[in-house]
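Undergrad: Below are the structure tokens for one structure; questions will follow.
The values are calculated or read from the model by the stated rules, or taken from the named source; none is laboratory data. Note that the structure is predicted; figures quoted are calculated from it, not measured. Note: ideal-geometry Cβ built from the backbone for every residue, glycine included; neighbour counts use all protein chains shown. Surface accessibility is based on the protein's heavy atoms, side chains included, excluding ligands, DNA and RNA. Shrake-Rupley method; radii C 1.70, N 1.55, O 1.52, S 1.80 Å.
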Amino acid sequence: MTRTVQTRLVDFEDADSPSKKVNLSKPQRLVPDKRPPTKVWRKTINDGEVWGVFDVDDTVLFVQILDGRVHAHGREAVCKYCGGILDIRGSQIFCGGECGVYQGNFSYDLNAYLKWDGAKSLTLRKAVAEEEGFSLEERDYEPIHYTPQWSVLYEFEDFEADELEKE
Ligand SMILES: [Zn+2]
């Protein structure tokens, strides 16, 4: 399924302009407006880019592969021990520098993000699957024991799906 990316107006505003400065760390809530609701997950993987899934230190994240190198959150990921560049070897990533230590599991199959629990709550899993065009796991279709608060979720801006789980 292909969907266009929903972009917020905030993204176009000049951050250097004091009058328009927006505090992104404290999203305003309960303020009704006519903009479409902010999505729980913003599309990350764009056509023509090479991405993989990296399971490192109990964190599963999407990483972009640029010239064979692993990039996370917009910058190159390096070995946490020696700072060396990372080396993808099959389904694993090792330090390609001095220490050579194993760093974590890796897959070019982006469905691994859901398989490895990169998103834990069903709400977030569904959002990721929809935005990125993945298939949900079998277990995601199993009956659940609580009533998801879909309506609440989509009424608030920047609502973190994790907060739903704390309640
Ligand atoms: Zn190293």
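Undergrad: Being at pLDDT below 95, open to solvent by 80 Å² or more (accessible area, probe 1.4 Å), over 21 Å from E130 (Cβ atoms) and among the small types (G, A, S) narrows it down to one of S17, S25, so name that one.
TA: Numbers: S17 fails: open to solvent by 80 Å² or more (accessible area, probe 1.4 Å).
The match here is S25.
Undergrad: Additional query: When the residues of the stretch 63-82 are filtered to those that are among the small types (G, A, S) and open to solvent by less than 40 Å² (accessible area, probe 1.4 Å), which remaining residue is farthest from the ligand (Cβ to nearest atom)? Before you say what the answer is, go through the steps one by one.
TA: As a first pass, look at the stretch 63-82 and keep what is among the small types (G, A, S): 68, 72, 74, 77.
With the extra rule that they be open to solvent by less than 40 Å² (accessible area, probe 1.4 Å), the set shrinks to 72, 77.
Details: A72: 16, A77: 12 Å.
Going through the qualifying residues, I end up with A72.
Undergrad: Taking the conditions exactly as written (modelled with pLDDT of 95 or more, more than 10 Å from the ligand (Cβ to nearest atom) and out of contact with any helix residue (DSSP H, G or I) (no Cβ under 7 Å at 6 or more places or on another chain)), does Q103 satisfy them or not? Spell out the reasoning first.
TA: Working: modelled with pLDDT of 95 or more: yes; more than 10 Å from the ligand (Cβ to nearest atom): no; out of contact with any helix residue (DSSP H, G or I) (no Cβ under 7 Å at 6 or more places or on another chain): yes.
No, not satisfied.
Undergrad: Quick one: what pairs do we get from the stretch 71-84, first residue more than 15 Å from G52 (Cα to Cα), second open to solvent by 50 Å² or more (accessible area, probe 1.4 Å) and within 16 Å of the ligand (Cβ to nearest atom), C-beta under 6 Å, 6+ apart or different chains?
TA: Y81/C99; Y81/V101; C82/E98; C82/C99; G84/E98
Undergrad: Looking only at the stretch 39-57, count every residue that is open to solvent by 60 Å² or more (accessible area, probe 1.4 Å) and under 16 Å from S91 (Cα atoms) and tell me the total.
TA: First, the residues of the stretch 39-57 that are open to solvent by 60 Å² or more (accessible area, probe 1.4 Å): 42, 46-50, 57.
Of the ones still in play, those that are also under 16 Å from S91 (Cα atoms) are 50, 57.
Counting residues in the stretch 39-57 that are open to solvent by 60 Å² or more (accessible area, probe 1.4 Å) and under 16 Å from S91 (Cα atoms) gives 2.
Undergrad: Name every residue in the stretch 83-107 that is of a type in the set (V, I, T) and surrounded by fewer than 17 Cβ atoms within 10 Å (Cβ to Cβ), in order of residue number.
TA: At the first step, the residues of the stretch 83-107 found to be of a type in the set (V, I, T) are 85, 88, 93, 101.
Those that are of a type in the set (V, I, T) and surrounded by fewer than 17 Cβ atoms within 10 Å (Cβ to Cβ): I85, V101.
Undergrad: Which one of D158, D140, D109, D162 is within 24 Å of I45 (Cα to Cα) and at pLDDT 95 or above?
TA: Numbers: D158 fails: at pLDDT 95 or above; D140 fails: at pLDDT 95 or above; D162 fails: at pLDDT 95 or above.
Only one candidate passes the filter, namely D109.
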